[in-house]
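Participant: First the structure, which I've put down as structure tokens, then a few questions once you've had a look.
The values are calculated or read from the model by the stated rules, or taken from the named source; none is laboratory data. From a predicted model like this one, the values you see are computed outputs, not experimental measurements. Using ideal geometry, Cβ is built from the backbone for each residue, glycine included, and neighbour counts are taken over all protein chains shown.
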Amino acid sequence: MFSKILCANDGSERAFRALALAITMASEHGSELHMVSVAEIDYLPEFIEEIREEVGTATRRFHTVIQRARKAAEENHVKLHTHVLVGHPVRDIVKLASELKADLLIVGSAGRSQLYETMLGSRADRLVHLAPCPVLVVR
């Protein structure tokens, strides 16, 4: 049913629960599985060098996340394609989903307060509205 699945992972336990479901679905359906981690940067960095520095920092920051994800995928005989991006999480996840032509986006729900989500909205909520494909939010 889903030939290409994209899972967003920020390293939180909810994100790893989402990844576990993505791995199970990919295994059951023979889907291509991609995982994206996005290191957030300020909307207006002062210098372009700041962005370059963030790429290296993001790669190091998400190294453990990627290793843990690869291990889980390998244990289930699923090939995992990983993407580490630096930018604005919602925008960049939506863009990657479009570029990959993903059939499904799987994300973990945020653990923020109800007040925060009511006033600002969660990233998961924004992804549901902006993604070019169905979005599955895992609690």
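Participant: Which of the residues belonging to the stretch 3-24 are among the aliphatic types (A, V, I, L, M) and either in contact with a His (Cβ under 7 Å, 6 or more places away or on another chain) or buried (at least 20 other Cβ atoms within 10 Å of the Cβ) (or both)? Spell out the reasoning first.
Facilitator: Filtering the stretch 3-24 for residues among the aliphatic types (A, V, I, L, M) gives 5-6, 8, 15, 18-23.
Matches in the stretch 3-24: I5, L6, A8, A15, A18, L19, A22, I23.
Participant: So K71 clears everything in (1) touching a Phe, Trp or Tyr at 6+ places or on another chain (Cβ under 8 Å); (2) surrounded by fewer than 14 Cβ atoms within 10 Å (Cβ to Cβ) except one condition, right? Which one?
Facilitator: (1)
Participant: Here is a follow-up. Out of Y43, Y116, which single residue is modelled with pLDDT under 95, within 23 Å of L127 (Cα to Cα) and not in a helix (DSSP H, G or I)?
Facilitator: Details: Y116 fails: not in a helix (DSSP H, G or I).
When all the criteria are applied, what remains is Y43.
Participant: Now for a different question. If a residue has to be surrounded by fewer than 15 Cβ atoms within 10 Å (Cβ to Cβ) and part of a helix (DSSP H, G or I) to count, how many in the stretch 96-113 make the cut? Steps first, please.
Facilitator: Here is the first cut: in the stretch 96-113, the residues surrounded by fewer than 15 Cβ atoms within 10 Å (Cβ to Cβ) are 98-99, 101, 111-113.
After this cut, where a residue has to be part of a helix (DSSP H, G or I) as well, the list is 98-99.
Number satisfying all stated conditions: 2.
Participant: Let me ask something else. Determine which member of the set I93, I66, I51 is in a helix (DSSP H, G or I) and modelled with pLDDT under 75.
Facilitator: I51
Participant: Modelled with pLDDT of 95 or more, touching a strand residue (DSSP E or B) at 6+ places or on another chain (Cβ under 9 Å) and surrounded by fewer than 15 Cβ atoms within 10 Å (Cβ to Cβ): does that describe S31? Spell out how you get there, then give the answer.
Facilitator: Working: modelled with pLDDT of 95 or more: yes; touching a strand residue (DSSP E or B) at 6+ places or on another chain (Cβ under 9 Å): yes; surrounded by fewer than 15 Cβ atoms within 10 Å (Cβ to Cβ): no.
No.
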